[in-house]
Structure formats: structure tokens, C-alpha cells
Amino acid sequence: MESHQFRYGKGYLLIANPVLPDPNFSRSVVLLCNHNDQGSFGLVVNRTADLKVAEVFSSYESLKTYQDRIYVGGPVSPSQVFYLCRSATPLPEMEHVHDGIYLGMNWDALDEVLKVLKDPEKNIRFYLGYSGWGGGQLANEMSQKSWLTCESRDSYIFAGANENLWSQVVRSLGKEYEYLLNAPVNPQWN
């Protein structure tokens, strides 16, 4: 049981406990892309915006045919864009997050990344904004049991139907966590 409550860091998923009071993270799954004493940085991987990548980046030739939706990475800096890629080989100018998962923020490198990626539409996701915690803030939320954790898997991040990702990840933690699936979205509704 301890492994799902206390181990976290770069490459781990934070799974929102239904008791987490912040509506920005209700039933969210966050990939921690960086974590150290100064703070933590992550992207919510299961929230799509009502926008397609091609609409947001209409002037970017390489993305004009891209039909996937853009994701909401979190409430901080909602106009800043990040991208996650899945690749068996290291990608240029990208930060390695976890097995085969890379984080990009450099738009100058995107054309090269798109050339290197196999089937880019299945292996890249774009995010507006991010989730951030100051030094000690995430540790405090962990002590309050606001989050469960597990190691990331590329199949979670690049899953087709991300609306069900929270339930899927909670089920993967084991039967002792399945009761969370029936918790109301708003604990006050109990």
C-alpha cells in the first residue's frame, strides 16, 4: 500500500484523490516532468481542450493536418505550450522524463522532432499551461493524501480515450483503491 502513497518524482503519475479540494485537478492524472527541492512541474494528461492542434497552430505548416485535440496541462501559464513525445530513441533538444517519454518546450526543435518521430500524430501531444508546485508544496499535499502515485507508462499518456484515464489508473493500483471510483466528484455531495 505504501508504494501508491509516498513514492513520487520525475516520471511518476499523480492520481488525484477525490478528496483533493482544487477543482482544477478533479479526477486528474498528472505526469511529473520535473521534481526537486525547489518545486515540481507536471502536465495533466487527461484533460482535452475544445480545440484541435491544427486550429491553435494554423500558421505552423508541419501541424496543419494534425487532427488531435490540444490538452490542458494545468492552470499555470495557460498560454504557454509544451509537448510530450513517445520515442524509443532519444529526441533532439528534449528532456527525458521516463522510459520513452520526452518533454519539449523548444519550438525551434519541433520540425526536427516531427521528422524523427514515427507516426507523429500518435506519438506527440500538445499541452496549454502546466501544473506547478513550489518547494515543499507537493510534499504537503502528499502528506494530506491528496494524490496517489504510480510510475508512468506511455500507454497512459498516449491513450486514445483519455476521459477514462483516471479510472483506468486507479484500477491499476489494485482492488484496495477501487472504492475511489464510486466517490462523488464533489465530496460535499456525499
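The values are calculated or read from the model by the stated rules, or taken from the named source; none is laboratory data. Note that the coordinates shown come from a computational prediction; the quantities given were computed from them, not determined experimentally. Cβ placement follows ideal geometry from the backbone for every residue including glycine, while neighbour counts extend to all protein chains displayed.
In segment 109-155, of all residues being hydroxyl-bearing (Ser, Thr, Tyr) and surrounded by 20 or more Cβ atoms within 10 Å (Cβ to Cβ), the one that is nearest to Asp99 (Cα to Cα) corresponds to Ser152.
Leu91 meets the conditions (1) surrounded by 14 or more Cβ atoms within 10 Å (Cβ to Cβ); (2) at pLDDT 90 or above; (3) of a type outside the set (Phe, Trp, Tyr); (4) within 19 Å of Asn34 (Cα to Cα) in every case but one. The failed one is (2). Scanning segment 53-69 for residues that are touching a strand residue (DSSP E or B) at 6+ places or on another chain (Cβ under 7 Å) and without any contact (Cβ under 8 Å) to a residue 40 or more places away in the chain yields a single hit, Arg69. Any chance segment 161-174 includes a residue that's out of contact with any helix residue (DSSP H, G or I) (no Cβ under 8 Å at 6 or more places or on another chain) and basic (Lys, Arg)? No: zero hits.
Where in segment 74-190 are there helices (runs of 4 or more DSSP H), lying wholly inside it, with at least 1 residues that are more than 15 Å from the chain's Cα centre (by Cα) and touching a residue at least 12 places away in the same chain (Cβ under 8 Å)?
Ranges flagged: 110-116, 120-123, 137-143, 165-172.
Residue under question is Ala16, and the condition is that it be among the small types (Gly, Ala, Ser) and closer than 19 Å to Glu151 by Cα; does it hold?
Yes.
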